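Encoded as structure tokens, the structure appears first; notes follow it.
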Amino acid sequence: MGNNRAMTNRIALILGLILAALIAFDVVLHDGRTMIFLSKKLIELLEWIAFWR
């Protein structure tokens, strides 16, 4: 049963365009504050994970 669930170039392109549009939306409307907030939270998460390593 060939249940192929591979990421195709088309799917990767669509996801990339969606991500680029969301980043552009944040930069235009919120001066990039959402990206900074999420980046800080990601760093906190990585430090928390490193503690449990």
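Every number in this text was worked out from the coordinates using simple rules, so none of it is lab data. Bear in mind that the values here come from a model prediction, so they are computed numbers and not experimental data. With ideal geometry, Cβ positions are generated from the backbone for all residues, glycine too; neighbour counts draw on all protein chains shown.
Which one is right for this structure if semi-axes √(5λ) of the Cα gyration tensor in Å is calculated from it: (i) 29, 23, 5; (ii) 15, 13, 11; (iii) 22, 15, 7?
Evaluating semi-axes √(5λ) of the Cα gyration tensor in Å on these atoms matches (i).
Where Lys and Arg each count +1 and Asp and Glu each count -1, what net charge lies around Phe25 among other residues with Cβ under 14 Å from its Cβ? Mind dumping the intermediate values first?
Numbers: positive: Arg33; negative: Asp26, Asp31.
Net charge in that neighbourhood comes out at -1.
If you filter the chain for chymotrypsin sites (Phe, Trp or Tyr not before Pro), then keep DSSP loop positions with at most 13 other Cβ within 10 Å, what is left? Let's see the in-between values first.
Details: sites: Phe25, Phe37, Trp48, Phe51, Trp52; in loops: Trp52.
Sparse-neighbourhood loop chymotrypsin sites (Phe, Trp or Tyr not before Pro): Trp52.
R0 = 35 Å: FRET efficiency of Arg33 with Asn4, Cβ-based, nearest 0.05? Before the final figure, lay out the partial values.
Details: r = 41 Å, r/R0 = 1.16.
FRET efficiency, Arg33 to Asn4: 0.30.
With only Lys, Arg, Asp and Glu charged, each at its Cβ (+1 for the first two, -1 for the last two), find how big the charge dipole of the chain is about the Cα centre; round to the nearest 20 debye. Please report the intermediate quantities before stating the final value.
On the way: 6 positive and 4 negative charges, 44 e Å.
Taking the Cα centre of the chain as origin, the dipole is about 220 debye.
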